[in-house]
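Working notes, beginning with the structure itself.
Taken together, the values in this text are just the output of simple stated rules run on the coordinates, not laboratory data. Just so it is clear, the structure is predicted and the values come from calculations on it, not from any experiment. A quick note on method: Cβ atoms are made from the backbone with ideal geometry, for glycine too, and the neighbour counts reach across all protein chains shown.
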Amino acid sequence: MFENMGFLYLGPADGHNIKEVCKLLKIAKDYSKPTLIHLTTTKGKGYKYAEESPEVFHGVSGFNVKNGESSEVSSKSFASVFGDTIVKLADNDERICAITAAMQSGTGLDDFAKKHEARFFDVGIAEGHAVTMAGGLAKQGMIPVCAIYSTFIQRAYDMIFHDVCLPNLHVIFVVDRAGLVAEDGQTHQGIYDVGMFLQMPNMVVLCPSGISEMERMLRYAVSELSGPVVIRYPRGEYDRYVSNGPPYEPMKLKTGNDVTIISYGRLVENAMEAAELLDKQGISATVIKLTDISNISIEKLLSLIGDVEHVFVVEECVSGGCLASKLALEFSESSFSGRLIPINLGNAVLPSASVDELMRLYSLDAAGIAKKIIASQKKA
């Protein structure tokens, strides 16, 4: 295949044999045409437990070297609860199937793959194919749940738009690792998908602020909605300030008179803590939690905002694709006469660090949010 495209093809060769690899590199160096070197490798080579469970050891926390077992205490996470819930739903509905792209363990689909093997599809590192396949299954009456990390679902932009959203097909996208991602570097941050999904026709975008809320959203998306749905959440185990269930309208968590803070997802907790810090500075803040960020009743939102001059939209995403931009446009066509101020990541390319460190660095922790609001009030 590669030679038919004009490539020089070398291999396959043992990628763990350094001498053999160097030999092929020297051969390739002497040619002026495009060259492909095909190397075969074993993931986790040299460590038995990594070789046996390569996906588990792809990104691993502390573990016992002698037996390969994790040293962390097992607890509920977004991924584990998603996995348990989708299995239960599939037990009672044969139309439900699960699709992923080489992220079976990471997205929590191990049990589904075992219990409903005939309805589980791991397409490998081919996110575009996963989405188009999901669209095809939905067209034939299935209810596909497509679980992919935020950073990787970007690869399927065109397929989401053309093969799911335009025909308004009932595909549920479970987007794991949304927002800041710890210590995976620039390429794995889930900070770009908000803008991507908000411009998709017919798409419902749900952002749980806790695990229990995500579980209810999944049931709601499967049983009560009929078009494309995104449920996006971070890695971890958050479960505070959750909504009781659909319909997912804007919800006021705290009432104040000076400013209003709007947020969604796990940043709702930071927004609430920031409001407490502001109270100590004599600034009274209303805090509004959004859950469905795609279908917001501006009339309802304005009624919750109240008569304030400054509204702050706190988000875990870049400014080029944020909810604040959408709200600013809709506010400009409404009766709102105040100023909307975004608090997000700007156009930053993030370094590798823990989530807490990144929150502090980009002022998305409670102290940073409060500091930005206080500064804006002084300018006013």
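Report, please, the projected area of the chain averaged over directions, based on the convex hull of its C-alpha atoms, in nm².
Details: hull surface 92.5 nm².
That works out to 23.1 nm².
As an exercise, find the ratio Rg/Rh for the range 138-211 from alpha-carbon atoms, using the Kirkwood inverse-distance average for Rh.
With Rg and the Kirkwood Rh in hand, the quotient comes to 0.98.
What is the range 251-379 by shape, rounded, prolate or oblate, if you read a ≥ b ≥ c off the alpha carbon gyration tensor as root eigenvalues and call it rounded for a/c under 1.5, prolate for a/b larger than b/c, and oblate otherwise? Working shown, then result.
On the way: a/c = 1.68, a/b = 1.23, b/c = 1.36.
Oblate, because a/c is 1.5 or more while a/b does not exceed b/c.
Report the charge-dipole magnitude of the chain in Debye, nearest 20, computed about the Cα centre from +1 at each Lys and Arg Cβ and -1 at each Asp and Glu Cβ.
Values: 36 positive and 46 negative charges, 138 e Å.
Computed charge dipole of the chain: roughly 660 debye.
Set the Förster distance to 25 Å, then compute FRET efficiency between Lys26 and Met5 from the Cβ-Cβ distance, nearest 0.05.
After rounding to 0.05, the efficiency reads 0.60.
Once you list every other residue whose beta carbon is under 12 Å from the beta carbon of Cys146, what net charge do they have if Lys and Arg are +1 and Asp and Glu are -1?
Every neighbour counted, the sum reads -4.
How long are the three semi-axes of the equivalent ellipsoid of the range 78-232, in whole Å, if each is the root of 5 times an eigenvalue of the C-alpha gyration tensor, listed from largest down?
For the range 78-232, the ellipsoid semi-axes come out as 20, 18, 15 Å.
What FRET efficiency do you get for Arg360 and Glu224 if R0 is 56 Å and r is their Cβ-Cβ distance, rounded to the nearest 0.05? Let's see the in-between values first.
Details: r = 39 Å, r/R0 = 0.70.
Calculated transfer efficiency: 0.90.
Mind ordering 311-322, 182-193, 134-145 by average Cβ neighbours within 10 Å, highest first?
Highest mean packing first, the order is 311-322, 134-145, 182-193.
For the chain, set up a GNM with springs between Cα atoms under 10 Å and report which of Lys326, Lys26, Lys66 has the largest fluctuation.
Among Lys326, Lys26, Lys66, the largest mean-square fluctuation in the Gaussian network model of the chain belongs to Lys26.
Give me the net charge for the shell around Gly190: Cβ to Cβ below 15 angstrom, other residues only, Lys and Arg +1, Asp and Glu -1.
Its environment carries a net charge of -2.
For the chain, give the share of DSSP beta bridges that are antiparallel, in percent and rounded to the nearest 5; count only bridges with both residues there.
So the antiparallel bridges amount to about 15 percent of the total.
For Lys76, go through the lysines and keep the ones whose alpha-carbon is under 19 Å away, minus same-chain ones fewer than eight residues off.
Lys88
Tell me, what HN-Hα J-couplings in whole Hz come from the Karplus equation 6.51 cos²θ - 1.76 cosθ + 1.60 at θ = phi - 60° for each residue of the range 343-356, using x for Gly and Pro?
3J(HN,Hα) across the range 343-356, in whole Hz: 10, 8, 8, x, 10, 5, 9, 7, x, 7, 6, 6, 4, 4.
Select from His116, His58, His170 the residue whose mean-square fluctuation is largest in a Gaussian network model of the chain (Cα-Cα springs shorter than 10 Å).
His58
Can you find, among Ile172, Ala353, Thr151, the residue farthest towards the positive end of the dipole of the chain? Put +1 on the C-beta of Lys and Arg, -1 on that of Asp and Glu.
Ala353
Could you give the angle, 0 to 90 degrees to the nearest 10, between helix 211-223's Cα long axis and the longest principal axis of the Cα atoms of the chain?
Once rounded, the angle reads 80 degrees.
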